[in-house]
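S.K.: Before I ask anything, here is the structure I am working with.
Read-outs: derived from the displayed coordinates by stated rules, not from any lab. If you're wondering where the values come from, they're calculated on a predicted model, not measured in any experiment. Cβ placement follows ideal geometry from the backbone for every residue including glycine, while neighbour counts extend to all protein chains displayed.
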Amino acid sequence: KNPRWPLIGNEHIIDHLDKLLEKENLSGTYIFLGPQNMGKTTLAYSLAQNVMCESRGKGKEFPCGECSACSQLRQLNTEEGQEGFGVLHGDLHVIKKDPGKKNISIEQVREFIKTLGMSSFLNSYKIGVIKDADKLGTEAANALLKTLEEPKQKVMVILIASELESIPDTIASRSQVLKFSPVQTSVLYDHLLEKYNIDRGVAKELSHLSLGRPALARKFLEDKEFYEEYMSRA
């Protein structure tokens with residue numbers, strides 16, 4: 001397992017991102033595409049940490065976990081860190097569809113674009129993550145497109161989506177699409193045993209129940225109420 005990335009399975013994506021980082025050949029826009037609970041958001045935050053780490057490009061191991069960027073990004077892979085993330089780090093801005101709303105609004109995207117246009121706090125990259133990117137309203141998508149048409153140096157946008165068809169072709173054609181596929185049951189089973197040290201029977205049940213979605217398996221383990229509610233609907 002590559003210590004640089006927290007992703008389970010989908011090694012082709014990790015290998016690809018590793019090569020881009022080593023060659024300093026990063027794109028301005030990515031679409032992380034695939035079913036929910038695959039670890040797409042976690043990987044987006046991990047990419048941000050890898051890109052912003054001050055050891056990168058200096059012939060050192062990265063992310064170092066010690067520089068000012070890494071220190072501020074340490075909470076990335078905890079739920080609390082993800083929810084409050086725009087506050088935790090000035091160079092990473094995250095937007096998602098507001099609960100109860102049908103789409104991501106143009107106001108959210110305008111604020112997003114404005115933030116990415118500001119100077120970097122750490123003289124590094126500015127990175128924007130759009131969760132629920134297949135829920136961009138028409139006006140919001142058009143506003144984002146203008147930014148993507150005139151990419152700035154050291155600015156990266158990562159769109160997280162389940163369906164490519166829901167993202168306008170004008171945006172998709174300017175993005176590098178990385179496709180996430182369900183993880184093999186055996187790989188997920190081994191991961192659950194190794195990370196959580198749980199009973200083999202439980203690991204077997206959850207690895208089958210989660211249908212190749214690592215983040216869903218983690219939710220089953222960490223949230224008993226969620227697991228019970230899921231089972232009552234199954």
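S.K.: Say the cut-off is 29 Å between C-alpha atoms; which of K58/K146; K179/K219; K146/K219; K135/K204 go over it?
M.R.: Cα-Cα > 29 Å for K58/K146; K146/K219; K135/K204; rest within.
S.K.: Apply the Karplus curve 6.51 cos²θ - 1.76 cosθ + 1.60, θ = phi - 60°, to the phi angles in segment 120-125 and return the couplings in whole Hz, x for Gly and Pro.
M.R.: 5, 5, 10, 6, 10, 6
S.K.: What angle, in degrees between 0 and 90 and rounded to the nearest 10, separates the Cα long axis of helix 185-196 from the longest principal axis of the Cα atoms of the chain?
M.R.: 90 degrees
S.K.: Summing -39500 (n - 2.57) over the DSSP H runs of n ≥ 4 in the chain and dividing by its residue number, what mean residue ellipticity at 222 nm do you reach, to the nearest 500 deg cm²/dmol?
M.R.: Helix-only estimate at 222 nm: -13000 deg cm²/dmol.
S.K.: Pop a pseudo-label 7 angstrom from the Cα along the beta-carbon direction at both N2 and Q184 and give the gap in nm to one decimal.
M.R.: Modelled inter-label distance: 1.8 nm.
S.K.: Hey, could you pull the Cα Rg and Dmax for segment 121-234, both in Å?
M.R.: Cα-based Rg and Dmax for segment 121-234 come out at 19.0, 53 Å.
S.K.: Here's something else I'd like to know. ³J(HN,Hα) across segment 198-215 via Karplus (A = 6.51, B = -1.76, C = 1.60, θ = phi - 60°), whole Hz, x for Gly/Pro?
M.R.: 9, 4, 4, x, 5, 4, 5, 4, 5, 5, 7, 5, 7, 6, x, 10, x, 5
S.K.: What is the distance in Å between the Cα centres of segment 167-188 and segment 1-76?
M.R.: If we compute the Cα centre of each part, the gap is 16 Å.
S.K.: For Rg and Dmax of the Cα atoms in Å, the listed values are (1) 16.5, 49; (2) 18.1, 53; (3) 24.5, 76; which was obtained by calculation from the structure presented?
M.R.: Derived directly from the coordinates: (2).
S.K.: Let me ask something additional. Under the 0.36 nm per residue contour assumption, what length would be gained going from the current alpha-carbon distance of E66 and K23 to full extension?
M.R.: 13.2 nm is the gain from fully extending E66 to K23.
S.K.: Can you compute the modelled spin-label distance between E111 and A234, with each label point 7 Å from Cα toward Cβ, in nm?
M.R.: Each label point is offset 7 Å from its Cα along the Cβ direction, giving 3.9 nm.
S.K.: In whole Å, how far is the Cα centre of segment 191-230 from that of segment 92-110?
M.R.: 30 Å
S.K.: Under 5 Å between amide H atoms, partner at least 5 residues away or on a different chain: which partners does V157 have, H built in plane at 1.01 Å?
M.R.: T29, Y30, G128
S.K.: Give the whole-number value, in cubic angstrom per residue, of the convex hull volume spanned by the C-alpha atoms of segment 85-186.
M.R.: Residue-normalised Cα hull volume stands at 140 Å³.
S.K.: Which net charge results when you count Lys and Arg as +1 and Asp and Glu as -1 among the other residues whose beta-carbon is under 13 Å from that of I160?
M.R.: Net charge in that neighbourhood comes out at +3.
S.K.: Amide H of F180 versus every other amide H placed in the peptide plane: which residues, excluding those fewer than 5 positions away on the same chain, fall under 5 Å?
M.R.: Amide H neighbours of F180: L33, G34.
S.K.: With a point put 7 Å past each Cα toward its Cβ, work out how far E194 is from N142 in nm, to one decimal.
M.R.: Reported label-point gap for E194 and N142 is 4.9 nm.
S.K.: For segment 22-27, in order, what is each residue's ³J(HN,Hα) by Karplus, 6.51 cos²θ - 1.76 cosθ + 1.60 with θ = phi - 60°, in whole Hz (x at glycine and Pro)?
M.R.: Running phi through 6.51 cos²θ - 1.76 cosθ + 1.60 with θ = phi - 60° gives 5, 8, 6, 10, 7, 7 Hz.
S.K.: If we sort 34-46, 7-19 on the protection proxy, mean other Cβ atoms within 10 Å, highest first, what's the order?
M.R.: Those peptides, ordered most packed to least, come out 34-46, 7-19.
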